Amino acid sequence: MTTPALPPTTDDDEAWLFERTVQALQRTYGCAEAEAIELLNRYHIKFTDADFCDAYDMSAQTTEFFHREESLTMADRIYFYEALGNEPDEAAFIRWQRKIRL
């Protein structure tokens, strides 16, 4: 089986962030590398799409957003929305993250 590719980017810092996020998904949630990349790709496609985000009354996420959140928080977001299948809801995400991080 071939390992899927990370989301396309021309930004070296963003590529490095994607790599660290995959590692955080593996380390924190026990994902295999291919699974972590697939989760990241699904999240990235959805949450950078303006139409998808508009449907949930939220702004599309940008490179700046990803950098601000950093790899562990991005791994938490990806796991919450993609692995657990939750609908976009920032308040629900924050409540869940507080339970696992505090």
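Values in this text are rule-based calculations from the coordinates and carry no lab data. Owing to the predicted nature of the structure, the values given are computational and were not obtained by experimental measurement.
Structure notes:
- nm² value of the averaged projected area, convex hull over the Cα atoms of the chain: 6.6 nm²
- Calculated [222 nm] ellipticity per residue, helices only, for the chain: -21000 deg cm²/dmol; basis is -39500 (n - 2.57) per DSSP H run with n ≥ 4, divided by all residues, nearest 500.
- The gain in end-to-end length when the residue 93 to residue 27 segment is fully stretched comes to 21.8 nm, 0.36 nm per residue minus the alpha carbon separation.
- Between residue 48 and 61, the built amide H atoms are under 5 Å apart, and every one of these is 5 or more places off in sequence or on another chain.
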